[in-house]
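Following: one structure in structure tokens, then a few remarks.
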Amino acid sequence: HKVEAELKGTLEAAARSERLAAAGRLAAGVAHEIRTPLTSLKLFLQSVQEEVAVSPEQREDYQIAMRQVGRIETTINHFLDFARPQQPVFGSLDIVALIDDALEVVQPRANQQDVQVHKRIAQPLPPVEGDSRQLGEALVNLMVNALEAMPDGGELTISVESEAAKGDSAQSVWLRIDVSDTGTGIRDEDLQRLFEPFFTTKATGSGLGLTILRGTIERHGGSVNVDSRVGAGTTFSLRLPASSSNRTTASE
Ligand code: ADP
Ligand code: MG
């Protein structure tokens, strides 16, 4: 009877994962269907602003509407990135340029929040191959999380260095990127849930940023680590394999 029970368990698990996969496909389909009209709605609202003279109160209402549209768009895009992860397109990376581009995106917000930004590059860096769009988004995600953890100011530090690690057999070289903040920190019980889809402690968070980030880094053969202390701050460390060392192809 034990075998029978095990078989039943396996069949139930299979049926459950089939149902989950079907629900996922359905949700991705719906998200995609929402995105198309949303894009035209946004363009339409933008052109209205340029063409119609409005009162200050109307302008304020308009800006609220635009922000809400932006929020829907971000949620939908995050969800689609999560539901339909893209295979990375590998090319040689200019990691310093990638970091500068990401910093440029978040700098206005850092200024607003009185956050000082520091960049530390320890040359020479090893050559790394990867998808610059996906990795750029990953960096922006980490920086935005860091800023969100520092509403009353602080320091955001990005450091990059080469790291040698001894594996089972050979020595391997990694590019390590640390994104550190002096923000709220993360409670122990939350630390284990960070990478779960939809885990968020924010009123308007999607909880998908870190899930997507980890998928991206793993498809690059790399890893993500977190070190955090409540009240002191958080460091996310990304490791990407140097292209000169043998890249063990990720399992997906
Ligand atoms: P979201 O930002 O939408 O909440 P994420 O997947 O990016 O989703 O992050 C999940 C959760 O991890 C956040 O809600 C927050 O609780 C926590 N977190 C992530 N980065 C940091 C950070 N730098 N400092 C403190 N908490 C963080
Ligand atoms: Mg986030």
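The values are calculated or read from the model by the stated rules, or taken from the named source; none is laboratory data. Computed from a predicted structure; not experimentally measured. Please note: Cβ atoms are built from the backbone with ideal geometry, for glycine as well, and neighbour counts cover all protein chains shown. Quick note on the areas: whole protein, heavy atoms, side chains included, nothing else; ligands and nucleic acids left out. Shrake-Rupley method; radii C 1.70, N 1.55, O 1.52, S 1.80 Å.
Computed values, structure above
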read-out	value
Flag if GLY215 is open to solvent by less than 50 Å² (accessible area, probe 1.4 Å), within 16 Å of ligand 2 (Cβ to nearest atom), in contact with a Pro (Cβ under 9 Å, 6 or more places away or on another chain) and at pLDDT 95 or above	no
Residue within region 186-205 that is open to solvent by less than 30 Å² (accessible area, probe 1.4 Å) and touching a Lys or Arg at 6+ places or on another chain (Cβ under 8 Å) present	no
Selection status of ALA110, surrounded by 13 or more Cβ atoms within 10 Å (Cβ to Cβ) and aliphatic (A, V, I, L, M)	yes
Per-region count, region 114-139, residues open to solvent by 70 Å² or more (accessible area, probe 1.4 Å) and assigned to a strand (DSSP E or B)	4
Of all residues making up region 56-91, the number that are closer than 15 Å to LEU213 by Cβ, open to solvent by less than 70 Å² (accessible area, probe 1.4 Å) and not in a helix (DSSP H, G or I)	2
Residue check for VAL140: within 13 Å of ligand 2 (Cβ to nearest atom) and over 25 Å from GLY231 (Cβ atoms)	yes
Residue check for ARG35: out of contact with any Leu (no Cβ under 8 Å at 6 or more places or on another chain), touching a residue at least 24 places away in the same chain (Cβ under 8 Å), surrounded by 12 or more Cβ atoms within 10 Å (Cβ to Cβ) and in a helix (DSSP H, G or I)	no
Cross-chain or 6+ apart pairs with Cβ under 8 Å, region 186-208 first and of a type in the set (Asp, Glu), then open to solvent by 100 Å² or more (accessible area, probe 1.4 Å)	ASP190/THR201
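Conditions tested, residue by residue: (1) at positive phi; (2) modelled with pLDDT under 90; (3) not in a loop (DSSP other than H, G, I, E, B).
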{"position": "GLU161", "(1), (2), (3)": "no, no, yes"}
{"position": "ASP168", "(1), (2), (3)": "no, yes, no"}
{"position": "GLY183", "(1), (2), (3)": "no, no, no"}
{"position": "GLU189", "(1), (2), (3)": "no, no, yes"}
{"position": "GLY205", "(1), (2), (3)": "no, yes, no"}
